[in-house]
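Please treat every number below as a calculation from the coordinates, not as lab data. None of the values given here were measured: they were computed from a predicted structure. Note that each Cβ is placed from the backbone with ideal geometry, even for glycine, and that neighbours are counted across all protein chains shown.
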Amino acid sequence: MDVLDLHQEGVLVLEIREPRLEARNAPEFRALLVQRIEQGDELIVLDMAQIEFIDSSALGALIGAIKKMGPLGSIAIARISPTLERLLKLTRMDKVFPIHSTVEEAVEKLKA
Amino acid sequence: MTLRSALLAILSAFGLALLAFLSMQSWNAYIAYDTAQRAHALDDTRHALLMAVLTLRDDRLRLAADTIGLDRPPTRRPQPGAPIEDALRHIDEARVLLPGAKLADSTYYDTELGREHDTLNALRGATNHTAGRAELSLQIEASAARLLELRMTMLEERGINDLSLALLHLLRNYALHTNHRLTENALNLLPYVKGEETPPEEVFHHHMLRLAAQIGGMTNLLGEVFVFFQSPSVAQATELSAFIRDIYAPAETALVAALMEGNADDIEGAFESWLERKQTADAHVFALFEEIYTASQSRLEGLHRDALNALRTWLALSVLAIAIFLGSAAMIWLLIALPMERIRESMLQLAEGDLTRTPTRHEVMSDLRQMSDALRVFRINAVRRERLQRERLALHARIAEAHAELRSDLEAAAVVQRSQLPAPGIVGAYRFTSLYRPSTMLAGDTYDFMPLPGGGARLFQIDVAGHGAAASLVSVAAHVALKRALEHLPPGGDLAGALETINANWPEELTYFTVLVIELTPETESGRLVQAGHPYPAVLRRDGALTRLGEGGLPVGVLKHADYKEIRFDFAAGDRLLVFTDGIYEATDPDKRIFGEDRLAGLLKAYAGQDTETLVARIDASLQEWSGSDHMDDDISLVVAERV
C-alpha cells in the first residue's frame with residue numbers, strides 16, 4: 001500500500017496514494033495505521049484526496065484503528081470526495097473522524 | 001545419413017584403397033617372383049642344351065680323331081660313354097626342365113627337342129663306322145646348331161631384364177663362339193696331321209684370319225666394356241682371351257705352318273704342342289662356362305630370393321594392414337558407433353518421456369562419456385520433475401478434497417443462513433418481496449420481517465462489514481440479537497432504545513454492522529425507522545415520486561455509546577418501501593466504476609409504474625448487466641414492502 005508519511009507540527013499526515021480502500025487492502029491499511037499509532041502518533045490526518053472508493057471493510061479498519069488510540073488520540077480526514085463524505089455522514093463516521101477540506105485545517109483543528 | 005554410417009563409409013573407403021594398393025603390390029611381387037622362378041628354370045634348361053651342344057662338338061672331335069687313328073682326341077676330358085649318348089642325356093634333362101620355364105610355346109620346344117633327340121639317336125648307329133664320318137660330323141653339327149637356335153629363341157621369347165644376366169649372356173655367347181671356333185679349327189686341321197696330305201693355302205689363311213678376328217673382338221669387348229664389371233666371370237674370360245692369344249694361337253699357327261711345310265717330325269712336334277694347348281684351352285672354356293653358369297644361377301637365385309622376400313613382405317604388410325583396418329573398424333564400432341547409437345536411443349526414449357531405462361554403461365571416449373553423463377542427469381531431472389509433478393498432483397487432489405469438504409461445510413452453513421431469511425409473501429397487512437445475492441456462498445447481509453399484533457409488521461436489514469464466512473457468522477449473531485430484542489418489544493415500542501442496547505452489548509472483538517429497523521403500522525398509514533450506518537431507504541410513492549428516508553447514524557459496534565434517532569414517515573397503500581444494502585449501488589462494472597445511487601434512483605423512477613416483481617427483476621437484471629456477470633463484489637439484498 002502506497003502511503004506517504006509527513007510530520008507537520010507534531011501531527012502525522014498520511015497521504016494515501018490508492019484509488020480504492022476495500023476488502024482487498026483493508027487489513028494492510030489497518031495494520032499500517034496500528035503501526036503508526038503504536039509508534040506514538042496519536043494525532044493523525046488522513047489525506048484522502050486520491051481515494052475514489054471506500055467499502056465497509058475499510059471503514060472497519062478505520063474503526064479498528066481508532067479503538068487502538070488512547071483517550072487523547074484522534075484521526076481526522078482531509079480532502080475527501082463528496083461521495084465518500086456522504087458515506088461517512090450516512091454512517092455518522094464524520095462524528096468519529098472529523099472531516100476537513102484541507103490538510104492544514106485538519107492539522108490546525110487537531111492541535112487545538 | 002548418420003554419423004555412424006559416415007564414419008564407417010570413410011573407414012571403408014580408406015580400407016579399400018589400402019587393400020587395393022597392397023593387393024597391387026603383392027600381385028607385382030608375385031609376378032616378379034614367378035618371373036624369377038621361370039627365368040631360373042629357363043636358365044637351367046638352356047644350360048642343359050648348352051651342355052648337349054658342347055658334348056656334341058666334343059663327339060665330333062672324338063670321331064675325327066678316331067677316323068685318323070688318334071688315341072687322344074683334342075678335347076678337354078676323357079669321354080665316359082659312347083658318342084652322342086651324353087648329348088641325348090642332356091637333351092632329356094632339358095626336356096624335363098622345360099615346363100618349369102612356362103614358355104608360351106612350351107609344346108613347340110618340347111616337340112623340337114624331341115625331334116632333335118630322335119635325329120641324334122638315329123645317328124648313333126653310324127658312329128661305329130669309319131666311312132661317311134665327315135657327313136656324320138656335319139649332321140651332328142646341324143643338330144648342335146639347331147639346339148643352339150632353339151636355345152636362342154627361348155631366350156628371345158622371354159628376354160633379359162637384368163644387366164648382370166645380360167653380361168653373363170654376352171660372356172657365354174663369347175665362350176660358345178670360342179668353343180665353336182676352336183672345334184672348327186681342330187676339325188679342319190686333324191685330317192692333315194698324319195702327313196699324307198698338305199692342306200691347301202686357303203685353309204691356312206681361313207683359320208688364321210678367323211681366329212685372329214675372334215681374339216681381336218674378344219679383346220676389344222673385354223677391354224672396353226667388361227672392364228667395368230668386376231666379376232670372376234669377366235676375369236676368367238680375360239684369362240681365356242689372353243691364353244688363346246698368347247699361348248694357343250701361336251701353337252696353332254706353328255701347327256699350320258708345319259702342316260704347310262709337310263715335314264713329319266715338325267708336324268709331330270707341333271701337333272703334340274698344339275694338342276696339349278688345345279686341351280688346356282678347352283679346359284679354360286669349360287671353366288668359363290661353369291663360372292658363368294654358377295654366376296647366373298647365383299644371380300637368378302638372388303633375384304628369386306628378393307622376389308620371394310618382397311612377396312612375403314607385401315603379404316605380411318597386407319595381413320597387418322587388414323588386421324589394423326579390422327581393429328580400427330572394431331574400435332570405431334565399439335567405442336564410437338555403438339555408444340552413439342545407445343546415446344541416440346536413450347535420447348529418443350527420454351524425448352518420448354520413457355524414463356524406465358537407466359543408461360548405466362560407462363563409455364570409454366571422454367566426450368561420449370560426457371554426453372552419456374549429461375543424458376543421465378537429464379533423466380534424473382526428468383524423474384525428479386515427474387515425481388514433483390506427481391506430488392503436486394497428489395497435493396492438488398488433497399487440496400481439492402479439502403476444498404470440497406470446506407465447500408460442503410460452507411454450503412451447509414449457507415443453508416442455515418438462508419433458513420433465517422423469511423420467504424417473501426404477506427406478513428400482517430404488508431406484502432414483502434425480496435432479492436438476495438450473496439457475493440460468496442455465505443453473506444454478511446441478512447434481513448427479516450415479522451408480523452405485529454393488529455396487522456403491523458417489523459422489518460430489519462443487516463450488513464456486516466466485509467463478506468464471506470466471518471461476516472456471515474457475525475451477521476447470524478446480529479440477526480439473532482436483533483430478532484430477540486424485537487420479540488420483546490411491544491408494537492410502538494422504542495426501536496432506537498432497543499438498538500442502543502444491542503450496540504452497547506455488542507462484543508468488542510466482533511466487526512461492526514449497519515442495520516435498518518422499521519416498524520409499519522397500517523391504521524396510521526405510517527412507519528418508524530431507526531438507521532444505523534445503513535443506506536437511506538427509498539419510498540416509491542403511489543404517484544411515482546421517489547423520496548429517501550433517514551438521517552444516517554453510527555453503525556452498531558463502532559462506539560459503545562451511540563444515540564440512535566427514530567424517524568417517522570408516511571406509508572400509505574400504494575407506496576412501496578425499498579430497503580437495501582450498499583452492495584446494490586456499489587456494484588462495479590469491469591472498469592471498477594460503481595453503479596451509484598443516482599443510477600439506482602433513475603432505475604426506480606423508470607420502472608415505478610411496473611408491479612413490484614417486475615421492478616425487482618429489472619433491478620437485478622440491471623445490476624448483472626452493469627457488473628458484466630452474475631457475480632457481485634459485495635452482497636446484495638433488497639426487501640420491498642407494500643400495503644396489501
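Per residue, how big is the convex hull around the C-alpha atoms of region B:422-643? Give it to me in cubic angstrom, could you?
Numbers: hull volume 24.4 nm³, N = 222.
Hull volume over Cα atoms, normalised by residue count, gives 110 Å³.
Using only the alpha-carbon atoms of region A:3-111 as identical scatterers, what base-10 log of I(q)/I(0) does the Debye formula give at q = 0.24 Å⁻¹?
-1.65
If you plug each phi of region B:158-165 into the Karplus form 6.51 cos²θ - 1.76 cosθ + 1.60 with θ = phi - 60°, what whole-Hz ³J(HN,Hα) values come out, in order, with x for Gly and Pro?
Values per residue, Gly and Pro as x: 8, x, 10, 10, 10, 5, 4, 5 Hz.
State, as an integer percentage, the relative contact order of chain B based on alpha-carbon contacts under 8 Å between residues 6 or more apart. Write down the numbers at each step before the final one.
On the way: 828 pairs, mean separation 70.0, N = 644.
RCO, chain B: 11 percent.
Diagonalise the Cα gyration tensor of the protein assembly as shown and give the resulting equivalent ellipsoid semi-axes, square root of 5 times each eigenvalue, largest first, whole Å.
On the way: eigenvalues 5091, 149, 72 Å².
Semi-axes from the Cα gyration tensor: 160, 27, 19 Å.
Given only helices, namely DSSP H runs of n ≥ 4 each adding -39500 (n - 2.57), what is the per-residue ellipticity at 222 nm of chain A, to the nearest 500 deg cm²/dmol? All intermediate terms of the calculation are to be shown ahead of the outcome.
Values: 5 runs with 48 residues, N = 112.
My calculation for chain A gives -12500 deg cm²/dmol from helical runs alone.
Farthest toward the dipole's positive end in region A:3-111, which of A:SER101, A:THR91, A:VAL3, given Cβ charges of +1 (Lys, Arg) and -1 (Asp, Glu) about the Cα centre?
It is A:THR91.
Which of B:VAL558, B:SER26, B:THR253 sits closest to the plus end of the dipole of the protein assembly as shown, meaning its Cα is farthest towards the positive end, when Lys and Arg get +1 and Asp and Glu get -1 on the C-beta?
Going by the charge dipole, the pick is B:VAL558.
Quick one: compute a quarter of the convex hull surface over the Cα atoms of region B:337-396 and quote it in nm². Before the final figure, lay out each step's value.
Values: hull surface 16.1 nm².
Averaged projected hull area, Cα only: 4.0 nm².
Per-residue HN-Hα couplings for region B:232-246, Karplus 6.51 cos²θ - 1.76 cosθ + 1.60 at θ = phi - 60°, whole Hz, x for Gly and Pro?
So the Karplus estimates, Gly and Pro as x, are x, 4, 5, 4, 5, 5, 4, 4, 4, 4, 5, 4, 5, 5, 8 Hz.
Helix B:597-606 versus the longest principal axis of chain B: what is the Cα-based angle in degrees, 0 to 90, to the nearest 10?
70
GNM, chain A, Cα, under 10 Å: largest mean-square fluctuation among A:PHE97, A:PHE53, A:PHE29?
For chain A, modelled as a Gaussian network with Cα springs under 10 Å, the answer is A:PHE53.
Mind giving me the FRET efficiency for B:GLN279 and B:LYS194? R0 is 25 Å, r the Cβ-Cβ distance, nearest 0.05 is fine. Intermediate values should be presented prior to the final figure.
Numbers: r = 19 Å, r/R0 = 0.77.
Here the calculated transfer efficiency is 0.85.
Treating only the Cβ atoms of Lys and Arg (+1) and Asp and Glu (-1) as charged, compute the dipole magnitude of region B:3-320 about its Cα centre; round to the nearest 20 debye.
Working: 28 positive and 42 negative charges, 315 e Å.
The dipole of region B:3-320 has a size of about 1520 debye.
Go ahead and set up a Gaussian network model of chain A, Cα springs under 10 Å, then flag whichever of A:LEU84, A:LEU72, A:LEU43 fluctuates most.
Looking only at A:LEU84, A:LEU72, A:LEU43, the largest GNM fluctuation is found for A:LEU72.
Roughly how tilted is helix B:249-261, in degrees to the nearest 10 and between 0 and 90, from the longest Cα axis of chain B?
Computed tilt is about 30 degrees.
Per DSSP H run of at least 4 residues, take -39500 (n - 2.57); add these up for chain B, divide by its residues and hand me the 222 nm value, nearest 500 deg cm²/dmol. It would help to have the intermediate numbers written out before the result.
Working: 15 runs with 395 residues, N = 644.
-22000 deg cm²/dmol, from helical runs alone.
Take every Cα pair under 8 Å in region B:422-643 that's 6+ residues apart, average their separations, divide by the length, and report that relative contact order as a whole percent.
Once normalised by length, the contact order is 24 percent.
Can you pull the one-decimal nm distance between simple spin-label points at A:LEU72 and B:ASN263, each 7 Å off the Cα toward Cβ?
18.7
I need the P(r) histogram for region B:265-410: all alpha carbon pairs, bin width 10 Å from 0 out to the longest distance, whole percents.
9, 15, 11, 10, 9, 8, 7, 6, 6, 5, 5, 4, 2, 2, 1, 1, 0
Take the alpha-carbon centre of region B:1-57, take the same for region B:286-313, and report the distance between them in whole Å.
Rounded to whole Å, the Cα centres lie 18 Å apart.
Which value, to two decimals, describes the C-alpha radius of gyration of chain B once divided by 2.2 N^0.38 Å? Before the final figure, lay out the partial values.
Working: Rg = 72.9 Å, N = 644, 2.2 N^0.38 = 25.7 Å.
Relative to the rule-of-thumb radius for its length, chain B sits at 2.84.
Using θ = phi - 60° and the Karplus form 6.51 cos²θ - 1.76 cosθ + 1.60, what ³J(HN,Hα) does each residue of region B:413-419 get, whole Hz, x for Gly and Pro?
5, 4, 4, 4, 4, 5, 5
I'd like the trypsin sites (Lys or Arg not before Pro) in region B:496-547 restricted to DSSP loop residues with at most 16 other Cβ atoms within 10 Å, sorted by number.
Details: sites: B:ARG528, B:ARG541, B:ARG542; in loops: B:ARG541, B:ARG542.
Listed in order of number, the matching sites are B:ARG541, B:ARG542.
Highest GNM mean-square fluctuation, chain A, Cα pairs closer than 10 Å: which of A:ARG79, A:ARG20, A:ARG92?
A:ARG92
Relative to the longest principal axis of the C-alpha atoms of chain B, give the angle of the C-alpha long axis of helix B:612-627, reported between 0 and 90° and rounded to the nearest 10°.
30
For A:GLU38 and B:ASP570, FRET efficiency with R0 = 51 Å and r from the beta-carbon atoms, rounded to 0.05?
On the way: r = 51 Å, r/R0 = 1.01.
Using R0 = 51 Å, I get an efficiency of 0.50.
With just the Cα atoms defining each centre, how far is region B:579-600 from region B:468-500? Give it in Å.
Each part's Cα centre sits 26 Å from the other's.
Within chain B, how many Lys pairs sit with Cα atoms under 28 Å apart, leaving out pairs fewer than 8 places apart on the same chain? Please list the in-between numbers first.
On the way: B:LYS194/B:LYS278; B:LYS483/B:LYS560; B:LYS483/B:LYS565; B:LYS592/B:LYS605.
Lysine pairs meeting the criterion: 4.
So what is the relative contact order for region B:219-355, in percent, with contacts set as C-alpha pairs under 8 Å and at least six apart? Present the calculation step by step, with values, prior to reporting the outcome.
Details: 40 pairs, mean separation 28.2, N = 137.
Answer for region B:219-355 is 21 percent.
I'd like the distance separating the alpha-carbon centroids of region A:9-33 and region B:229-248, in whole Å.
For region A:9-33 versus region B:229-248, the Cα centre distance is 138 Å.
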